[in-house]
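Let me begin by presenting the structure, written as C-alpha cells, before commenting on it.
The values are calculated or read from the model by the stated rules, or taken from the named source; none is laboratory data. Note that the coordinates shown come from a computational prediction; the quantities given were computed from them, not determined experimentally. Ideal geometry is used to build each Cβ from the backbone, glycine not excepted, and the neighbour counts take in all protein chains shown. Just so you know, the surface numbers come from the protein's heavy atoms only, side chains and all, with ligands and any DNA or RNA stripped out. Shrake-Rupley method; radii C 1.70, N 1.55, O 1.52, S 1.80 Å.
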Amino acid sequence: MDAYYASVEQRDNPELRGKPVAVGGSAARGVVAAASYEARAFGVRSALPSVTAKRRCPDLIFVKPRFEVYRAVSAQIREIFAEHTDLIEPLSLDEAYLDVTHNKQNIPLATEIATLIRARIKEVTGLNASAGISYCKFLAKMASDLNKPNGQAVITPTRGPQFVADLPVKKFHGVGPATAAKMERLGILTGADLREKPLDFLQQHFGKSGSWYYHISRGIDERPVQPNRERKSIGTEDTFPEDIYDIKVAQAELKRLTQKVWQSCEAKGSRGRTVTVKVKYNDFQQVTRSRTIGEALTGGNDLIDLAATLLDGVFPFSKGIRLLGVTVSGFQPIPPEREELQLRLID
C-alpha cells in the first residue's frame, strides 16, 4: 500500500488531501509512523523524530494513529488477495507476498493479476497500491518500490541477475545501515561487487547471512511464500515525555508495557520462553537484557516479575531513560493437558 496510514487519514478527512500529513505524535519526543507523499517531498519519513519532521516541513499536519481502522482496511485487502490465491504471506498491515503461480482464476500472467488486485483495492477501499512482480520474493520486493506510488514493475528471470548486479547494496531489502557500512569497508558497493566475493569470504565476515548474500547477488532466492508464517516475537515500547531516573517510576512504566504484551500473547494464544527488556537512554545509547527460562511463561505476573528483574540489572541508571521496551519470543506450543491449568493460573 502507498503511504498506508497517511493515505487512510487523507481518505477519511478531505481537509488533509493534498497536504503534508504525518501519522504519529507531535510532542517533543514523538516519532513519525507514516508520512504522506506530500510530506515525503520535504524529507519526512517514518521513524523520523517529530521535531525534525516539523523542522523540515513547517506546514506538516500531525494525525494520531487509528490502528483499529488500519486493521479493518487491511482485512478488506486480504479478502481481495484471497480471491486469487491462498498463498498469502503478510509482512505487515499494508504489505504481503502472494504466490500466484497456480491462481484461482487461472490467469496466466502475474502482471494481469497485479493489475486486477490493485484496481479492486482502489474500488473497495479508495486507496492506491503498488505491486512488484518477479520470480522470487527478494526481487518482487525490490520491484514493488520501482514505480511507487500507484504503479507496478516486473523483474523477469533474464533481467534478475543484472538488476541485482547494478543495485547498490545499501538498497538491498534486509541490508541495514550497519551491514551496508561494513560491506563498504570491504569494498562491496554493488551487487556486482558482492557477487565477486567467494562464499567462504562472505561467511567469514557475515556468518550465516553470508550464504544468503552469496545467492542473492546472483538473483537466487528460493524462499517459498509461507501463508502460515509464525510470529517470532511480541513486544511493545514507549518513549517518555520526560527522562526517567527513578527505578520505581521505571518499574511502573515497565509493568504497564508488560501487561500490554501479555494481553497480545493471550489474544494470539502465544507462550514464549525468552523475555527481553530494552532501555534507551537520553543520549540514544541503547542496552538490552534478555533471559530464557526452561518452560514457556504461564501467566502475566511471571512476565512482569522477569521483566522487572532484567530492569534491575541495569540499575543504577547512569543517565535518564528515554524509552523502555519489552518483548517476548521463543514461542512454543502449549501441550493440551496444560492449557486448562495455565488458564487457571492466568485468572
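Figures for the structure shown
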quantity	calculated
Every residue from segment 101-129 that is touching a residue at least 24 places away in the same chain (Cβ under 8 Å) and open to solvent by 60 Å² or more (accessible area, probe 1.4 Å)	Thr115, Leu116, Arg120
Unmet requirement for Phe315, which otherwise passes all of (1) in a helix (DSSP H, G or I); (2) in contact (Cβ under 8 Å) with a residue 40 or more places away in the chain; (3) not polar (S, T, N, Q)	(1)
Segment 208-264: number of residues that are open to solvent by 90 Å² or more (accessible area, probe 1.4 Å) and of a type in the set (Ser, Thr, Tyr)	1
Single unsatisfied condition, Ile133 versus (1) open to solvent by 30 Å² or more (accessible area, probe 1.4 Å); (2) assigned to a strand (DSSP E or B); (3) without any contact (Cβ under 8 Å) to a residue 40 or more places away in the chain; (4) aliphatic (A, V, I, L, M)	(1)
Test result for Ser46, under 23 Å from Ile121 (Cβ atoms), in a loop (DSSP other than H, G, I, E, B) and modelled with pLDDT under 90	yes
When residues of segment 71-100 are limited to those that are out of contact with any strand residue (DSSP E or B) (no Cβ under 9 Å at 6 or more places or on another chain) and in a helix (DSSP H, G or I), the one surrounded by the most Cβ atoms within 10 Å (Cβ to Cβ)	Val73
Scope segment 154-169; condition outside any helix (DSSP H, G or I) and either open to solvent by less than 10 Å² (accessible area, probe 1.4 Å) or aromatic (Phe, Trp, Tyr) (or both); matching residues	Ile155
Members of segment 170-207 that are of a type in the set (A, V, I, L, M), part of a loop (DSSP other than H, G, I, E, B), open to solvent by less than 40 Å² (accessible area, probe 1.4 Å) and more than 16 Å from Asp145 (Cβ to Cβ)	Ile188
Residue under evaluation Ala140, criteria (1) over 30 Å from Tyr214 (Cα atoms); (2) in contact (Cβ under 8 Å) with a residue 40 or more places away in the chain; (3) out of contact with any helix residue (DSSP H, G or I) (no Cβ under 8 Å at 6 or more places or on another chain), criterion not met	(1)
Output for segment 265-277, where each listed residue is open to solvent by 10 Å² or more (accessible area, probe 1.4 Å) and in contact (Cβ under 8 Å) with a residue 40 or more places away in the chain	Glu266, Gly269, Ser270, Arg271, Arg273, Thr274, Thr276
Conditions (1) open to solvent by 50 Å² or more (accessible area, probe 1.4 Å); (2) closer than 30 Å to Ile321 by Cβ; (3) of a type outside the set (Lys, Arg); (4) touching a Gly at 6+ places or on another chain (Cβ under 8 Å): number failed by Ala47	(4)
Subset tally (residues that are under 30 Å from Gly320 (Cβ atoms) and either free of Cβ contacts under 8 Å to residues at least 24 places away in the same chain or open to solvent by 70 Å² or more (accessible area, probe 1.4 Å) (or both)) for segment 278-301	10
Residue list for segment 4-31, filter: open to solvent by less than 30 Å² (accessible area, probe 1.4 Å) and at pLDDT 90 or above	Tyr4, Ala6, Ser7, Val8, Glu9, Gln10, Leu16, Pro20, Val21, Ala22, Val23
